[in-house]
1. Does region 142-151 contain any residue that is assigned to a strand (DSSP E or B) and either surrounded by fewer than 21 Cβ atoms within 10 Å (Cβ to Cβ) or in contact (Cβ under 8 Å) with a residue 24 or more places away in the chain (or both)?
2. As an exercise: evaluate ARG93 against (1) modelled with pLDDT of 90 or more; (2) of a type in the set (D, E, K, R); (3) in a helix (DSSP H, G or I); (4) under 20 Å from the mean Cα position of the chain (by Cα) and give the number of the one condition it does not meet.
3. Failed condition for SER158, given (1) buried (at least 22 other Cβ atoms within 10 Å of the Cβ); (2) of a type in the set (S, T, N, Q); (3) modelled with pLDDT under 95, with all others met?
4. Please determine, by comparing only the residues of region 120-141 that are over 12 Å from the mean Cα position of the chain (by Cα) and in a strand (DSSP E or B), which one is nearest to ALA181 (Cα to Cα).
5. Please go through region 186-202 and pick out each residue that is aliphatic (A, V, I, L, M), open to solvent by 60 Å² or more (accessible area, probe 1.4 Å) and not in a helix (DSSP H, G or I).
6. May I ask you to list pairs of residues, at least six apart or on different chains, whose Cβ atoms are under 7 Å apart, with the first in region 15-44 being touching a residue at least 40 places away in the same chain (Cβ under 8 Å) and over 18 Å from MET173 (Cβ atoms) and the second being among the hydroxyl-bearing types (Ser, Thr, Tyr) and open to solvent by 80 Å² or more (accessible area, probe 1.4 Å)?
7. For region 5-26, how many residues meet the condition of being assigned to a loop (DSSP other than H, G, I, E, B), under 17 Å from MET165 (Cα atoms) and open to solvent by 80 Å² or more (accessible area, probe 1.4 Å)?
8. Would you please name the residue that is modelled with the lowest pLDDT, looking only at residues in region 58-69 that are in a loop (DSSP other than H, G, I, E, B) and open to solvent by less than 40 Å² (accessible area, probe 1.4 Å)?
Amino acid sequence: FDRELSSARRVRFLAYGSSDLVDWHMAPWAGRPLLASVEVEYGLDIPTRSSDQPTGPGPLTALLVANPSGDLPAANVEVHSVEKELTGWNVTRLEGEAVTRTSILDRLAHVRLFHYAGHAEIERSEGLASALLLKGGVRIELGDLLAASAVPPYVVLSACEAAAMASRSPSLMGLAQAFIAAGSRGVVAPIRTVSDTAALMF
């Protein structure tokens, strides 16, 4: 694929089965990782609800969630830096104990961007109970996202393994994939464990 890659700006992988476990963005090409040469995205071969959603929120609305568990100090710094970049946006920022299940789920349908900096958990046995973790063991699970009336077009999940899928049953849905299936156009999220400081730098 050298000729195609040389002229490409973006490469989309539709991985399935054991290929889900391959970090295609790190595949060597032209002496360096593929991601150093082109944008890499992972697509899902599933129907989405994008066309079924209402006209939706205005173009400059954002929900930023920082450190709901209270143990990720860099997450507060991360969200503050994101907020500074969103000049002219109507931003709702939730931190620490102000973050509740209701405060997030009630707002998801009304924002264009959702940025979550906190903990996530992947259910490794069946891949169906992955969740964003809030204080006191409260969870926003994959099913909550799929059942939402609408989700933001753009999502950043700055949380460990938020795009990971069950290792024993590849191709089962992770949190990032659930947002796509529910209608989001794009989600940025890690497939591996990341440190608080690494998430901030990214």
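The values are calculated or read from the model by the stated rules, or taken from the named source; none is laboratory data. What you see is a predicted model; the values in this text were computed from it and never measured. Because the Cβ atoms are built from the backbone with ideal geometry, glycine has one as well, and the counts that use them run over all protein chains shown. Please note that ligands, DNA and RNA were not included when accessible areas were found on the heavy atoms of the full protein model with its side chains. Shrake-Rupley method; radii C 1.70, N 1.55, O 1.52, S 1.80 Å.
1. no
2. Here ARG93 clears every test but (3).
3. It is condition (3) that SER158 fails.
4. So in region 120-141, the residues over 12 Å from the mean Cα position of the chain (by Cα) come out as 121-130, 133-141.
Imposing the further condition that a residue be in a strand (DSSP E or B) reduces the set to 121, 133, 139-141.
Numbers: GLU121: 19, LEU133: 20, ARG139: 19, ILE140: 16, GLU141: 14 Å.
Ranking the qualifying residues of region 120-141, first place goes to GLU141.
5. The one that is aliphatic (A, V, I, L, M), open to solvent by 60 Å² or more (accessible area, probe 1.4 Å) and not in a helix (DSSP H, G or I): VAL188.
6. Close Cβ pairs (under 7 Å, with a partner that is among the hydroxyl-bearing types (Ser, Thr, Tyr) and open to solvent by 80 Å² or more (accessible area, probe 1.4 Å)) do not exist here.
7. Matching residues across region 5-26 total 2.
8. Of everything passing the filter in region 58-69, GLY58 is modelled with the lowest pLDDT.
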